[in-house]
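Bear in mind these aren't lab numbers, they're just calculated from the coordinates by the rules spelled out. Quantities reported herein were computed from a predicted structural model and do not represent experimental measurements. Don't worry about glycine lacking a Cβ; one is built from the backbone with ideal geometry, like all the others, and counts go over all protein chains shown.
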Amino acid sequence: MAAFAETSGMFNNNISLSIPVTPHYIPPRAPVVLCHGLYGFDKRGPESFPFLQVQYWGGIEDALAKLGAKVIVTRVPSTGSIWQRAHTLHSILTSISDGSKVNFIAHSMGGLDCRYLISHIPNKQYSVQSLTTISTPHRGSPVMDWFRDHVGVGMALVNMTAAASDNHQRVDCNTLQKHGLTQQQSSFLSKSLSDIAKLPKPILDPLLQKAIRVLDTAAYANLTTDYCKNHFNPNTPNDPDVAYYSYGAVASFSPWSMLNIPSQWISEKEGSNDGLVSVQSAKWGKYVKTVEADHWDLSGQRYRWKYTRPFVNKSKFDTLDFYMEIATYLYHQGH
């Protein structure tokens, strides 16, 4: 009988060990505002056929809502400047605000938009409790530096400032403001960016050059390491009344991956990265942790971009669980 009891106990222990443990997730107290990155959107497709629509956040919005969180999905100019995107975000929140508290959760460039809004836009009819940035290039990205130096994308602000400097003129105050700058910075800005503009550029077909100039927008310049480190960060201090949290990501890529070469560019300059943003650049405020995922895994776009890592090194990252974890973390931090 004793032997049976001992065997039975071992059997029960084995059963208990085989039962998966389901994490206990909790929604934050204040509404969550989801803020997208470069090329982002809320949803695309016909309203009359929801099943044909593509959502930037995938199932993240629905998962948070099912958890019990109030979720606000925003849409700002996809390639606009930080200034444009931040003011659009502010307008959206103002139009629906009831004076409540909010938690920003921002992917990539969206984190810079939120930082600008928090630091520079006064008299808000809502109260920002926290900003959680997910692989945001707080110190810019060497990928954008490469495209600026070798392709010419990201030269809109550079060329404008260099021309003003060559003509001994000051850049218009409103123009500077829309790039997240002040007139006091214009002298230093003119010198540093005009130096970049005078660097040798690749020889491109004139038609291609013209096309690049037409397609170039302030967003590309706003994501360079020079802009973020020397202009944006020094003039966008943290608000002591707002909690800042950040997450970074690392991933390995096959030779066939779209992110393989960009990842190598970043590795040479800043180390571990997710294919577009380094862990070093992603750190801001309280750094929570580094996850194993590529840049697109983090936004719910992993299915849209499933061929970024074809054949090998497929991501096992669970995007929905990650956002549930963030929501629970915010709750435990008192938000």
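The label-point distance for residue 316 and residue 238, in a model that sets each label 7 Å from Cα toward Cβ, rounds to 3.4 nm.
Sorted from fewest to most neighbouring beta carbons within 10 Å, what does the list 139, 75 look like?
On the way: 139 20, 75 17.
The order, fewest Cβ neighbours first, is 75, 139.
Amide H contacts for residue 245 (H built 1.01 Å from N in the peptide plane; partners 5 or more residues away or on another chain; cut-off under 5 Å): 131, 132, 133, 286. Separation of the alpha carbons by more than 20 angstrom is noted, of 70/286; 229/269; 124/286; 229/289, for 70/286; 124/286; 229/289.
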